[in-house]
Every structure is written in C-alpha cells, then in structure tokens.
Amino acid sequence: QVQLVESGGGLVQAGGSLRLSCVASGIIFTIKDMAWYRQAPGKQREVVARITSGGSTSYGASVKGRFTISRDNPKNTVYLQMNSLKPEDTAVYYCYTFHFIDRWGQGTQVTVSS
C-alpha cells in the first residue's frame, strides 16, 4: 500500500520560512522521482518542484530561488525548504509520485500572512 504523508505546514509571516516533509512507504523510494505540488483556493494544482531519483531538481518559475527540494533516501523522505515566503504561496501543498498511477499525499496547509 503506497502512502505519502506530508507534515510541516503552518502559519508564517511574509518573509519567513517553513520546511515541509513527505515520508513515503510502499514504494522503492530510491528509484522514484518525487515532486511537490500546491493548490490555492479557486486555482488549479500546480507543480512547485521536482527531484529525480538521481537528485536532479527543477522548480516552478514562481518559487525558483526561494524554495529548495531535497531527498533523504535512507529515510524515504523528500523535503521542501521554503524561504522568503509570500502571501501568494498560501496553498495546500501535496507530495506526489507515480507508481502505476498518480499517488498523492493528503496535503498540508501553508498560510502566509502579510
């Protein structure tokens, strides 16, 4: 059974930082590309950052230079370090991977106050 469990969301002031974590189970984590997505109210879900099994990373244009995705394979965990947060970063953040089908975590709320 595949599970992706996110944590680390919360309320932060603009300019602050948060680190999200996603622990994966039921997959061979080391061979999986992983990603973070987010969805703000009334908007489509959008990709925030991706990391390949080999550690290559890519970012959405709106977060490049502020967010960093990383992974710890022995811990089956992918992280999203978010710095210089802006009110427009407010959203539910989801962990994602593909294992026969799309797999999503339950989401963690990030709220950035101005």
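Read-outs throughout are calculated quantities, based only on the coordinates presented, and are distinct from any laboratory measurement. On a predicted model such as this, the values are computed, not experimentally measured, just so you know. Cβ sites come from the backbone with ideal geometry, for glycine too, and all protein chains shown count toward neighbours.
List the lysines whose alpha-carbon lies under 27 Å from that of Lys32, not counting same-chain residues fewer than 8 positions away?
Lys64, Lys75
Which of rounded, prolate or oblate describes the range 75-114 when judged by the alpha-carbon gyration tensor and an a/c cut-off of 1.5?
prolate
Which whole-Hz couplings ³J(HN,Hα) result when phi for each residue of the range 103-114 is put into the Karplus expression 6.51 cos²θ - 1.76 cosθ + 1.60, θ = phi - 60°, listed in order with x for Gly and Pro?
Here the 3J(HN,Hα) series is 10, 10, x, 7, x, 9, 7, 10, 10, 10, 8, 8 Hz.
Of the residues Ala14, Ala61, Ala40, which exhibits the maximal mean-square fluctuation in a Gaussian network model of the chain defined by a 10 Å Cα contact cut-off?
For the chain, modelled as a Gaussian network with Cα springs under 10 Å, the answer is Ala61.
Return the single residue from Gly15, Gly55, Gly26 with maximal mean-square fluctuation; model: Gaussian network over the chain, springs between Cα atoms under 10 Å.
Highest fluctuation of the listed residues: Gly26.
Counting only other residues whose beta carbon sits under 14 Å from that of Asp33, what net charge do I get with K and R as +1, D and E as -1?
Neighbour charge sum, excluding Asp33 itself: +3.
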